[in-house]
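Novice: Here it is, the structure in full.
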Amino acid sequence: MPEISRFYGLLIRMYVERGERHHLPHFHALYQGKSAVYRIDTAEMIGGYLPLRQRRLVEAWVELHRDELLAIGSDFSTTSQRFGLRRWNRSCHATRTL
């Protein structure tokens with residue numbers, strides 16, 4: 001699962017799910033053995049658990065990077081996985097430096 005960002009002990013990841021198990025653009029946030037799934041468009045937690053402080057950090061992070069996340073998710077759904085991962089890595093680097 002490609003890593004998007006890492007900050008304050010949080011790890012943000014997104015990946016392609018073959019067979020489209022989830023229909024909403026989403027990403028996974030991990031923190032000290034806990035994980036949650038967030039919608040990109042609303043920053044709503046749709047599954048899992050994170051402590052309140054970390055939930056707020058993730059929600060704020062989504063607000064800052066929503067356009068990038070949507071573009072990356074679109075790349076994953078419209079191109080081959082291999083091409084998407086190469087583009088993802090370029091975007092990932094840009095996201096981490098913001």
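Novice: Here are the criteria: (1) exposed (fewer than 15 other Cβ atoms within 10 Å of the Cβ); (2) touching a residue at least 60 places away in the same chain (Cβ under 8 Å). Tell me which single one residue 65 does not satisfy.
Specialist: Just one mismatch for residue 65, condition (1).
Novice: Continuing with the same structure: Quick check on the range 76-88. Is at least one of its residues at pLDDT 90 or above, in a helix (DSSP H, G or I) and open to solvent by 20 Å² or more (accessible area, probe 1.4 Å)?
Specialist: No, every residue in the range 76-88 fails to be at pLDDT 90 or above, in a helix (DSSP H, G or I) and open to solvent by 20 Å² or more (accessible area, probe 1.4 Å).
The values are calculated or read from the model by the stated rules, or taken from the named source; none is laboratory data. Because the structure is a prediction, the values reported are computed rather than measured. With ideal geometry, Cβ positions are generated from the backbone for all residues, glycine too; neighbour counts draw on all protein chains shown. Heavy atoms of the whole protein, side chains included, go into the accessibility calculation; ligands, DNA and RNA do not. Shrake-Rupley method; radii C 1.70, N 1.55, O 1.52, S 1.80 Å.
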